[in-house]
Amino acid sequence: MDFRSSDVSLWKNSLDAYSARIQCLNKPNLVSLDDFYRVELPSLIHQRNPDPHITTLELSKLMQWKLSRGKWRPRLLDFVSSLDESHVKSASQKAFESLPDVSKAVSALTVLKGVGPATASAVLAAYAPDVAPFMSDEAMEAVLGNSKEYTLKQYLLFVDKLQTKSKELSSGEDILTPSDIERALWSSAVGAKLLALQPDPDSKKDNTARDIKRKRKRFVSRYGFGLGLATGANRRPSAVLDKSTVWLFNCITLSWSGSSVVDVVQYKKYRRSPQTSLLPHKHDDYEPLKVGFIGASFSGAVFNLSTTIVGVGITSLSSTLKQLGLIPGVVIILMGAALTKTSIDMILRFGRAFKTSMYSGIVADAFGGFWRTLLQICIVINNLGMLIVYMIIS
């Protein structure tokens with residue numbers, strides 16, 4: 001809204017939308033705090049005439065309202081909540097008695113720790129909305145431009161302009177106080193911000209790209225890897241390792257279903273796209289195989305997966321228990337099971353999020369081409385080591 005506007009209906013419409021804009025912010029307790037500030041607090045102060053004042057608890061709730069409606073600064077709330085009751089009472093009483101001298105009233109309140117000109121203006125506006133408006137960021141920007149200096153000098157200039165605008169827009173019994181002008185300006189500015197945040201239906205692709213990037217950032221921040229994210233421009237493909245990794249995944253997928261070696265060979269020829277999800281949601285997700293594909297039960301898939309994960313490591317359990325003892329050995333085994341479960345869950349979830357069916361694809365999306373290549377080398381070395389172990393024990 002243009003502060004120079006003289007259209008009374010425009011100002012009233014913006015003021016009428018104030019409560020709706022407060023609700024649209026969806027901030028905890030803001031609606032109840034706003035009701036307290038605009039309705040309850042003025043009544044409580046005036047009930048204490050001829051010695052009007054506020055209490056520490058009321059000043060603390062006023063600070064919560066101010067920070068919730070604007071920028072949250074928890075240190076200010078801590079300062080105000082720890083103020084002595086008698087100091088708050090005497091300072092506020094002196095400030096209210098100083099009105100309509102706004103400068104003197106603000107100076108009386110700013111002796112309190114954590115109370116600056118902006119908070120002092122909120123206290124004065126609760127008692128005398130027709131004299132001293134609240135010094136909000138949005139109203140300050142609309143009236144004084146981009147200057148947000150929270151000084152007494154700036155506030156006095158702000159008050160003078162809003163009092164002038166109040167006289168310009170008021171006529172007879174139809175009065176708009178300086179505080180009404182401030183709320184109308186705040187409502188208009190917040191409404192414009194909320195409108196700008198509404199999604200554009202023509203930018204779905206951009207939103208999808210942003211969602212994928214956000215998921216990658218969550219992946220890194222949640223699991224503690226601070227190595228950065230890679231984009232498609234700086235990934236280096238490794239054709240040989242990619243083929244071997246895809247082949248390995250295809251073999252493992254079919255082994256979970258209980259298929260034979262012939263199925264594996266045929267499946268290499270008719271395998272599905274590597275861009276599909278790591279595990280199928282149903283049997284029909286597979287492309288038809290010439291040799292046929294025999295579906296597996298859930299229990300069979302779990303059994304095959306368990307034997308694949310445990311593998312030859314089962315032979316070392318007895319030695320582990322012997323070296324560590326029964327209780328520490330069992331604890332280590334349970335920890336290994338928990339870590340295995342967590343890693344599988346992480347791989348499956350982020351495999352779907354990144355739309356890749358390979359370990360290397362997940363790593364490349366999260367960390368870049370170098371770490372993908374390193375992972376593939378580790379997989380190859382691990383498989384060679386497992387083959388050597390099987391040859392030794394067989």
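The values are calculated or read from the model by the stated rules, or taken from the named source; none is laboratory data. Fair warning: this is a prediction, and the values are worked out from it, not measured in the lab. All Cβ positions, even for glycine, are placed from backbone atoms using ideal geometry, and neighbour counts span all protein chains on display. Areas reflect the complete protein model, heavy atoms only, side chains present, ligands, DNA and RNA absent. Shrake-Rupley method; radii C 1.70, N 1.55, O 1.52, S 1.80 Å.
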Looking only at the range 361-376, count every residue that is modelled with pLDDT under 75 and open to solvent by 60 Å² or more (accessible area, probe 1.4 Å) and tell me the total. 0
Quick test of your reading of the structure: LYS71 fulfils all but one of (1) in contact (Cβ under 8 Å) with a residue 40 or more places away in the chain; (2) touching a helix residue (DSSP H, G or I) at 6+ places or on another chain (Cβ under 7 Å). Name the failing condition by number. (2)
Which of the residues spanning the range 58-71 are surrounded by fewer than 19 Cβ atoms within 10 Å (Cβ to Cβ) and either among the charged types (D, E, K, R) or at pLDDT 95 or above (or both)? LYS71
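With more than 33 Å from the chain's Cα centre (by Cα), touching a residue at least 12 places away in the same chain (Cβ under 8 Å) and open to solvent by less than 60 Å² (accessible area, probe 1.4 Å) as the only criterion, which of ALA118, ALA122, ALA128 stands out?
Working: ALA118 fails: more than 33 Å from the chain's Cα centre (by Cα); ALA122 fails: more than 33 Å from the chain's Cα centre (by Cα).
On inspection, the qualifying residue turns out to be ALA128.
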Being modelled with pLDDT under 85 and under 21 Å from VAL363 (Cα atoms) is the filter here, so list the residues in the range 377-394 that pass it. ILE379, ASN382, ASN383
Go through the range 80-102 and give me each residue that's farther than 17 Å from ARG48 by Cβ and either buried (at least 17 other Cβ atoms within 10 Å of the Cβ) or of a type in the set (A, V, I, L, M) (or both). VAL80, LEU83, VAL102
Are any of the residues in the range 230-242 crowded, with 16+ Cβ neighbours inside 10 Å, modelled with pLDDT under 50 and part of a helix (DSSP H, G or I)? yes
